[in-house]
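Input: a single structure, listed below in structure tokens.
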Amino acid sequence: MRTPLVVANWKMNGTLAEARALTAGVRDGLKRPRGVDVVLCPPFTALGVVAELLAGSPMALGAQNCHWETAGAFTGEISPAMLVELGCTYVIVGHSERRRDLGETDEQINRKVRAVLALGMTPVLCVGETAEERRQGLTFTTVEGQLRAGLAGLDHRAIGSGVLAYEPVWAIGTGVNATPAQAAEVHGYLRGLLTELATKEVAQRVRILYGGSVKPDNAGALTAEPDIDGALVGGASLSAQGFVAIVKKVTHKGVTVLKGE
Ligand code: PEP
């Protein structure tokens, strides 16, 4: 059975003082998370302080992006090796805000996925359609193209080491989440593609998160769907109380996974 995973994407938010307060709030609210993996992805500038506060906690540290090279003349970029040094074990790759606002291409995203895996970290590869693509009936075509390109050239073992996030662009930061049925349909499709790209066993192992306006009041219903293995949470992860509530709502196959709180 896949262990549910909840990833907080703080985006470009948080002074060091705010990062400390938010991390402490989440840590104190989730003293004994069981049966669920939790990852905090602060901005690069706060990785150090968040790492210090997470020391000894079962929660993991992640980054929101990285370059694909280890070092070199790439002004303003951060390498996967630098992230490892700071204690990161996860990296979000291919977020739609980067695809849309910074022109990140599928080819670059594929290079990042490979670089993250090469250093033993887990990429969280994001795919998702825009509102227009959904209107035109292109949802499956879009996510399939992004998935195939993002995982191009990876062997079965590498595919099985990653995490996917289905994040419909129209649901990100809008307050309008995909319904559990809409999300489940795409998650099922993605898992089918993983079977084709690797094996059924690998596809059953990969966690596929849903992201897009996840809140405490919809997290339970979304993650109760058998193919939805957790959440990638943006806005709601900026409140310790809200994020803790989401983690506590995450369920898998109808079983509440956080016990003893
Ligand atoms: C995200 O940025 O990955 C995200 C899902 O944002 P939000 O939860 O704010 O929709």
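Within the stretch 189-232, restricting attention to residues that are among the polar types (S, T, N, Q) and not in a loop (DSSP other than H, G, I, E, B), which residue is nearest to the chain's Cα centre (by Cα)?
T223
Taking the stretch 1-38 on its own, how many of its residues are surrounded by 15 or more Cβ atoms within 10 Å (Cβ to Cβ), away from the ligand (no atom under 16 Å from the Cβ) and more than 19 Å from A231 (Cβ to Cβ)?
Number satisfying all stated conditions: 2.
Just to verify a result, which residue in the stretch 234-261, among those that are touching a helix residue (DSSP H, G or I) at 6+ places or on another chain (Cβ under 6 Å) and crowded, with 24+ Cβ neighbours inside 10 Å, is modelled with the lowest pLDDT?
V250
Mind checking which residues of the stretch 96-111 are under 16 Å from I78 (Cα atoms) and within 16 Å of the ligand (Cβ to nearest atom)?
If the condition is that a residue be under 16 Å from I78 (Cα atoms) and within 16 Å of the ligand (Cβ to nearest atom), then R98, L102, E104, I109 are the ones that fit.
Would you pick out the residues in the stretch 61-107 that are among the hydrophobic types (A, V, I, L, M, F, W, C) and buried (at least 19 other Cβ atoms within 10 Å of the Cβ)?
Listed by number, the residues that qualify are L61, A63, C66, W68, L83, C88, V91, I92, V93.
Which ones in the stretch 154-176 are of a type in the set (S, T, N, Q) and either buried (at least 23 other Cβ atoms within 10 Å of the Cβ) or under 10 Å from T122 (Cα atoms) (or both)?
S161 - this is the single residue of the stretch 154-176 that is of a type in the set (S, T, N, Q) and either buried (at least 23 other Cβ atoms within 10 Å of the Cβ) or under 10 Å from T122 (Cα atoms) (or both).
Checking the conditions here, which among V143, V124, V116, V176 is touching a residue at least 24 places away in the same chain (Cβ under 8 Å), in contact with a strand residue (DSSP E or B) (Cβ under 9 Å, 6 or more places away or on another chain) and not in a helix (DSSP H, G or I)?
On inspection, the qualifying residue turns out to be V124.
For the stretch 127-140, give me each residue that is within 27 Å of D37 (Cβ to Cβ), in a loop (DSSP other than H, G, I, E, B) and not acidic (D, E).
G128 - this is the single residue of the stretch 127-140 that is within 27 Å of D37 (Cβ to Cβ), in a loop (DSSP other than H, G, I, E, B) and not acidic (D, E).
The values are calculated or read from the model by the stated rules, or taken from the named source; none is laboratory data. Please read all numbers here as calculations on a predicted model, not as lab measurements. Quick reminder, even Gly has a Cβ in these numbers, built from the backbone with ideal geometry, and neighbours come from all protein chains shown.
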